[in-house]
Amino acid sequence: MTSPALDDVHKATRGVTRLSVGVAVVLILMKTFALGASGSVSILASLADSALDLVASLATFFAVRWAAAPADDDHRYGHGKGEGLAALFQAGLVVASSVFIGWEAIQRLVDPRPVTAGLWSVAVVVASIALTGWLIWMQDRAIKASGSLAVKADRAHYAADLASNSVVLIGVISGAFLGAPGLDAAAGLIVAIWLFWGATGMLRDAADHLLDKAASDEDRQAIARAVLSDPRITGVHQLRTRMAGPVLMIQMHVDLDPKLTLQAAHDIVVGAETRILEAFPRADILIHPDPRGAVHPQGEADVPA
C-alpha cells in the first residue's frame with residue numbers, strides 16, 4: 001500500500017532543486033568578479049566551493065527526478081536510492097573542494113599576498129550570505145515536505161557555505177583593511193576544515209541510506225503500536241524497514257486468528273496499513289498475515305522493546 005502524498009513530495013523537491021541551481025550560478029558570477037578584483041584566497045576558497053556546489057546541485061536536480069520515476073520491471077522498489085547516490089557524489093565533491101582550498105591556503109600562509117578591492121569583496125560576500133540564507137530557508141521547507149536525502153545533502157553544502165562565508169568575510173576584512181593577509185589565508189584554511197568535517201556526516205547518511213539502515217527504534221515502536229492497536233492482531237514479527245528516497249519501506253508478518261475468513265483477514269490488514277499511513281504518510285507497506293501459533297522459519301519479532 002503506497003501513500004498518495006508522494007506527488008506533493010516530488011513537486012517540492014523539483015522546485016527547490018531548480019532554485020538551488022539558479023542560486024549556485026549567481027554566486028559563482030559574483031565571486032568570480034570579487035576574486036578578480038581582490039586576489040583573496042578566502043574568496044578563492046568560497047568560489048571553488050560554489051563551483052562544486054553547482055555541480056552538486058545539478059546532480060541533485062537530476063537525481064530527485066530520477067528517484068521520482070515510478071517502479072518498472074527492473075526496479076520493482078522504485079528509484080529512490082538515486083537520492084543516496086546523489087548525496088554520496090556530493091560528499092565526494094565537498095572532500096575534493098576542502099583538499100584544494102586547504103592546499104591553497106597553506107601556500108598563502110607560507111607566502112602571504114595582499115588583498116585588494118576590499119569594499120567590493122565585502123559587498124559580494126555579504127550578498128552571498130544573504131542569498132545563501134534565503135536558499136537554506138527554502139530548502140528547509142522542502143525537506144519538511146519531502147524528507148529528501150538529496151535535498152538534505154544539498155542543504156548541507158549551502159549551510160557550510162553560510163558559515164564559511166562568514167569566515168571569508170573576516171578574512172577579507174583582515175587582509176584588505178587590517179594589513180594582515182595571513183589572516184585571509186587562515187580563514188581559507190578554516191573553510192577547508194569546516195567543509196571536510198561536513199562531508200563526513202554526508203557520507204555517513206548516504207551510506208546508511210544505500211545500505212538499507214533500519215528506521216529508528218522509536219519509529220519501529222510506533223509502527224508496532226499502530227498495528228497492535230487492533231486487538232485482533234496479537235503479534236508482530238519479521239518487521240523490516242528501510243528508506244528508498246523519501247519513501248519508508250515497511251514489511252512485517254502479523255498474527256491473526258486462524259479461523260478468520262480470507263476477507264476478514266484482508267480487512268484487518270488494510271486497517272493496519274491505514275493506521276501506519278496516518279503516522280507515516282509516505283510509507284510503502286507490505287503486511288503478511290500468519291495464523292496465530294504458526295512456526296516462523298525466518299525468525300521472530302525484531303521490534304525494539
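Projecting the alpha carbon convex hull of the stretch 217-291 along each direction and taking the average yields 4.5 nm².
With r defined as the distance between the Cβ atoms of Leu58 and Leu262 and R0 fixed at 41 Å, what FRET efficiency is calculated, to the nearest 0.05? Efficiency, rounded to the nearest 0.05: 0.20.
Counting beta carbons within 10 Å around each of Asp255, Asp73 and listing the fewest first gives the order Asp73, Asp255. Label separation (Val126 vs Val270): 6.3 nm, computed from points 7 Å beyond Cα along the C-beta direction.
Applying 1/(1 + (r/R0)^6) with r as the Cβ-Cβ distance of Ile28 and Leu210 and R0 = 25 angstrom yields a FRET efficiency of 0.25.
Taking other Cβ atoms within 10 Å as a rough exposure proxy, Trp103, Trp194 sort from fewest to most as Trp103, Trp194.
The numbers here are math on the coordinates, done by the rules we state, and not lab data. The model shown is predicted, which means the values in this text are computed figures rather than measured ones. Positions of Cβ are generated from backbone atoms using ideal geometry, with glycine treated the same way; all protein chains shown enter the neighbour counts.
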